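Below is one structure, written out as structure tokens; the observations come after it.
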Amino acid sequence: MKKLFASHGRDDEFRAVAELIIDEEEKKNNRVLARSLRRTLEAGPARPAKPKALAPLIPFPEAAGDFIELVEPHHDKHDVVLASDNIRVFASLLKEFRRADEIRRRGLPVRSKMLFCGPPGCGKTLTAEVFSAELGLPLYIVKLDRLISSYLGETATNVRKIFEFARKQPSVLFFDEFDALARARDEAGEHNELRRVVNSLLIFIDRIQPKGFLIAATNLDQSLDPAIWRRFDEVIWFDRPEPAMIRKFLRMRFKNVVASFDPTSRASELDGYSYAELERISVQAMKSAVIDNRKEVRENDFRAAIAEERRRRKGNARLMRSN
Ligand SMILES: Nc1ncnc2c1ncn2[C@@H]1O[C@H](COP(=O)(O)OP(=O)(O)OP(=O)(O)O)[C@@H](O)[C@H]1O
Ligand SMILES: [Mg+2]
């Protein structure tokens, strides 16, 4: 209690202490009290999601604009559907981050490097965005393929700049298309400069102790070299949704939409679709209602949107075959 009072005015500290108290009550088997405390805590004033509300950002090194981008969060945790295992991992990472200083003071390591794996459109980028908003940290997306290909001569210097930056600026540094690194490693062969670049990136990832998080994402079109994935503290999988998750997504997506049918009743037709495809189907169905000047989305709109997505998929499959 004393700690709680002492944390007055410091939101992070307050939350961490409040969570400790809740944990203790849970351990003491006071579940009802713990649950009610947690609800009260969660219903409290929203934490500032936008990095703008925090300390001024350190300007990013010059010339980095081509391969790095500051992303403003547009989504929050209510927009993302996650498998329950993943929800647990992220909740525990958040707790750990809020107590990071204390953990480090006791000489213990803090998890800060994550690898996101999974097929396209299943939430890797979205989750990075929502996670940084939850942490209250700015999100920087590093486009690895651009970093590697267009700056070969200067990549090592640029890489150093990025990591210098990550050491100073608490942030989430998101390396998208991380397979580019694995590919470049395979292709390097005798190409000394490329090999040096890839190795320097790997060494930096090894050594960096980011003030926030480093997240790398890959679609894994081929298996990833253990030399790469073992550098991460957590490997998190984002899979295509199973029927229960499809229903969860549809409930979330149609929550504030007037519909004359239950979209979840069509979930069985959507097996195998990614979340991005489900999103497109939902949006397309909603648009049909707007175009027809109707207040409610009808089952027919939804059915037509599924058919449209199927047609699109066939087209994509042809493109993949012709590649
Ligand atoms: N788990 C999810 N919950 C809710 N919506 C999702 C989820 N995953 C994807 N979406 C929807 O699909 C869109 C694209 O997802 P996202 O960019 O996160 O995919 P990704 O896994 O990063 O794919 P890629 O490998 O192509 O980069 C999101 O903006 C969102 O509309
Ligand atoms: Mg992505």
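What is the residue count in segment 89-140 for residues that are open to solvent by less than 20 Å² (accessible area, probe 1.4 Å), among the hydroxyl-bearing types (S, T, Y) and within 25 Å of R10 (Cα to Cα)?
Looking only at that region, the number is 2.
Look through segment 251-273, keep the residues that are open to solvent by 60 Å² or more (accessible area, probe 1.4 Å) and part of a helix (DSSP H, G or I), and return whichever of them is nearest to ligand 2 (Cβ to nearest atom). So that I can check it myself, show each step before the final result.
So the first thing to find is which residues in segment 251-273 are open to solvent by 60 Å² or more (accessible area, probe 1.4 Å), and the list is 251, 253, 255-256, 258, 260, 262, 265, 268-269, 271.
Now narrow it down to the ones that are part of a helix (DSSP H, G or I): 251, 253, 265, 268-269.
Values: R251: 24, R253: 19, S265: 30, S268: 27, E269: 26 Å.
Here the answer is R253.
Checking A91 against (1) within 16 Å of ligand 2 (Cβ to nearest atom); (2) at pLDDT 95 or above, only one condition comes out false. Which one?
That leaves (1) as the condition not met.
Of these, P51, P56, P61, which one is at pLDDT below 80 and open to solvent by 60 Å² or more (accessible area, probe 1.4 Å)?
None of the other options fit; the residue is P56.
Would you point out which residue out of A217, A276 is assigned by TED's automatic domain parsing to the domain that holds S84 and within 16 Å of ligand 2 (Cβ to nearest atom)?
Answer to the selection: A217.
Consider segment 69-88. How many of its residues are assigned to a strand (DSSP E or B) and surrounded by 14 or more Cβ atoms within 10 Å (Cβ to Cβ)?
Going through segment 69-88 one residue at a time, the tally reaches 2.
Do you know which of the residues in segment 224-250 that are surrounded by 14 or more Cβ atoms within 10 Å (Cβ to Cβ) and in a helix (DSSP H, G or I) is farthest from ligand 2 (Cβ to nearest atom)?
R247
I need a count of the residues in segment 120-138 that are within 8 Å of ligand 2 (Cβ to nearest atom) and among the hydroxyl-bearing types (S, T, Y).
1
The values are calculated or read from the model by the stated rules, or taken from the named source; none is laboratory data. Because the structure is a prediction, the values reported are computed rather than measured. When we count neighbours, we look across all protein chains shown, and the Cβ atoms used for this are built from the backbone with ideal geometry, even at glycine. Ligands, DNA and RNA are excluded from the accessible area calculation, which covers all protein heavy atoms including side chains. Shrake-Rupley method; radii C 1.70, N 1.55, O 1.52, S 1.80 Å.
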